[in-house]
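Chemist: I'd like to ask you about the structure that follows.
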Amino acid sequence: LSRSTAYSIFSTPTPTFHPASSLNPPNNKKSVSRNNTMICREDSQGMSLRQYNYNSITSIDDTEAQDNGQGEKSNARLSPLDAILYQPRLDALLDCDRNILSYDPFSFHVVFGIRGRNFGMIWVPLLGLLFWDVCWALMLAVDERQQASVMITSLDGLISPLLTPVSFLLVFRLSRAAVRFWDSRAAFGNLVKICRDIVSTAAVSCKYHQYGQQQRHEILCHDFARWVCAFPIATKNFLRPDLACAADGRTRRKEIGPLLSEKDANDMLTPVNGGGSMEFIAPIYVLDRLRELAYMLSFGEDVNDSSSNGNKDDGPNGPVPATTSSMLKTQKGTAIYRQLNGQIDTLNGAWGAMERIAATPLPFVYVVHLRTFLLLYLFLWNLHGVGSNGWKTIPALLAASWALLGIEAAAVECERPFQLNANHLPLGKMCVVVAKNVAQTLKTIGY
């Protein structure tokens, strides 16, 4: 396999990818970036070939670089498995879920907890109800003839019927939120599953579909595994675009670490609105790279190359004629590509399901109707309670109001569980699970 045509997947010259170790041809122009993560050169035909050196790892944060005693930063030489399991990278992913709440499902001690109850949403209506109760209690206290108290007590027949529709609205609201929460978890769980499947498929295909190109297929397999590990990170960043850490490129860059080259990492971290007239979506970018690598894994060079030179090729059971080798490559490559492409489509579907949930809250008409009659019922009910029993009922009325308002707050918290609220999904932890599963697969199969 010549250096100028390595990784070429078409018969016409196209931009191709090489390992950094193969970039030593004579009389070729080379330019090396400062951190040695990207190398560009031109071959004898003037074609620009972009190369990536994944093994030369330098932190983007100069303050975290190790000092070798001479004021220079030292580079760590990492294998592909070490890059995937790079501990600072995994720690950064786990740290992005630091606000997610965990608890013991078998303990009743959780009832004494305050965090995770979404008080931020209900404290305003609770304060309004408290002010309402105190005002009416003062007014009734100065009413010597008790006419207002009698009038308020007579409202019971008007207030009680409101409880039934409000109860049905709250039950439906909470049940839909629970379904959306579970659908979100199932979608990301499916993403994790497909990441396991697709890396296993690609690794086995590379190992037993080489035809004398072992080194090339090994590099392709490693690149494919890296991009599979990058996809859940791109999905997480897409679902959490407005967080403070999203504006901090260093924080999210640490989550990628040495997994990708500097250029690929910067491209993947392009802001959603950073694509100019065309909006940039990171998961689409990663899926496109996966499809490109899937094609290269499946077909390699043009299948007609072997038949054109009349030579025999190495098949899985020994040398075979060039024409037969070409047919085997085409048939097996088509089957492999169909399977890999189908799994990539499933990844796209899992991301799309989460995108749909994140972008689609419950319809406005339902929410405004529920909240209107919920507040109407609570204010009338509190009025009736204060009018019937005076000051002593205010604590009990506020506690019961908190119970009903808390149902709405819990539903809002759970219906789009992708942010950093206490009850949301630990997306960073799931990215770590994918990385560990991919690394185990590569190690088991021999890569």
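The values are calculated or read from the model by the stated rules, or taken from the named source; none is laboratory data. Bear in mind that the values here come from a model prediction, so they are computed numbers and not experimental data. Cβ atoms come from the backbone with ideal geometry, glycine included; neighbour counts cover every protein chain shown. Ligands, DNA and RNA are stripped out before the accessible areas are found, and what is left, the full protein with its side chains, is counted by its heavy atoms. Shrake-Rupley method; radii C 1.70, N 1.55, O 1.52, S 1.80 Å.
Chemist: Which order do TRP381, TRP136, TRP391 take by accessible area at a 1.4 Å probe, largest first?
Modeler: So the residues, ranked largest to smallest area, are TRP391, TRP381, TRP136.
Chemist: What is the extension gain from ARG115 to GLN215, computed as 0.36 nm multiplied by their sequence separation minus the C-alpha to C-alpha distance, in nm to one decimal?
Modeler: Details: separation 100, 0.36 × 100 = 36.00 nm, distance 5.33 nm.
Between ARG115 and GLN215, full extension yields 30.7 nm more.
Chemist: Also: Just to confirm a number: summing +1 for Lys and Arg and -1 for Asp and Glu over residues other than GLY446 whose beta-carbon lies under 10 angstrom from that of GLY446, what do you get?
Modeler: +1
Chemist: Further, regarding this structure: Give, as ranges by residue number, the residues of region 394-409 whose backbone N falls under 12 Å from the point 7 Å along Cα→Cβ of ARG371.
Modeler: Inside the label zone: 408-409.
Chemist: Follow-up question, since we're still on this one. Give me the distance in nm between label points sitting 7 Å out from Cα along the Cα-to-Cβ direction at ASP95 and ALA137, one decimal.
Modeler: 4.8
Chemist: Could I ask something else about it? Please compute the modelled spin-label separation between ASN266 and SER175, points set 7 Å along Cα→Cβ, answer in nm with one decimal.
Modeler: According to this spin-label approximation, the distance is 5.3 nm.
Chemist: What accessible area, in Å² to the nearest ten, does a 1.4 Å probe give for ARG250?
Modeler: Rounded to the nearest 10, the figure is 120 Å².
Chemist: Ok, one more. Determine the alpha carbon to alpha carbon distance for each of LYS263/LYS329; LYS193/LYS332; LYS207/LYS236; LYS193/LYS236; LYS263/LYS436 and list only those over 27 Å.
Modeler: LYS263/LYS329; LYS207/LYS236
Chemist: Further question on the same structure: Note down the nm distance, to one decimal, between modelled labels 7 Å out along Cα→Cβ at THR330 and at ASP183.
Modeler: Here the modelled spin labels are 4.4 nm apart.
Chemist: While we're here: Quick one: how many Å² of ASP95 are accessible to a 1.4 Å probe, rounded to 10?
Modeler: Accessible area of ASP95: about 80 Å².
Chemist: If the label point is 7 Å along Cα→Cβ of TRP391, which residues in region 128-163 have backbone nitrogen under 12 Å from it?
Modeler: Within reach of a label on TRP391, which here means backbone N under 12 Å from a point 7 Å along Cα→Cβ, region 128-163 contributes 134, 137-139, 141-142.
Chemist: Could you order the peptides 150-162, 186-198, 100-112 from most to least packed, using the average number of other C-beta atoms within 10 Å per residue? Walk me through the numbers before you get to the answer.
Modeler: Details: 150-162: 12.6, 186-198: 19.2, 100-112: 9.2.
Result, highest mean Cβ count within 10 Å first: 186-198, 150-162, 100-112.
Chemist: Turning to a different aspect of this structure: Can you tell me the FRET efficiency between ASN423 and MET151 if r is taken as the Cβ-Cβ distance and R0 is 51 Å, rounded to the nearest 0.05?
Modeler: Once rounded, the FRET efficiency stands at 0.75.
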